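Asker: Structure incoming, see below.
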Amino acid sequence: MGSNPFSLSGKVVMVTGASSGIGSQVAIWLSQQGARVVLVARNQERLEAT
């Protein structure tokens with residue numbers, strides 16, 4: 001059987017609003033799935049605390 005077409009391993013994903021709420025949780029989940037995650041937020045201090 002071939003590779004999983006839904007695999008996120010090795011993919012690069014940009015998440016906006018990553019410093020809190022849904023954006024933060026999505027970023028964590030994507031990372032756990034093997035994606036390289038680019039985080040975008042308005043507040044760098046809150047982003048770094050996440």
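Bear in mind that the values in this text are calculations on the coordinates, not laboratory data. The shown structure was predicted, so the numbers you read here are calculated from the model rather than taken from an experiment. Every residue, glycine as well, gets a Cβ built from its backbone with ideal geometry; the counts of neighbours run over all protein chains shown.
Asker: Calculated from the structure, Cα Rg over 2.2 N^0.38 Å equals which of [x] 2.29; [y] 1.27; [z] 1.39?
Answerer: [y]
Asker: Let me ask something additional. Please give the helix 21-32 orientation as an angle from the longest Cα principal axis of the chain, in degrees from 0 to 90, rounded to the nearest 10.
Answerer: With both axes taken from Cα atoms, the answer is about 40 degrees.
Asker: Also, quick follow-up: Give, as a single signed number, the net charge of other residues whose beta carbon lies under 13 Å from the beta carbon of residue 20, with Lys and Arg counted +1 and Asp and Glu -1.
Answerer: Summing Lys/Arg as +1 and Asp/Glu as -1 gives 0.
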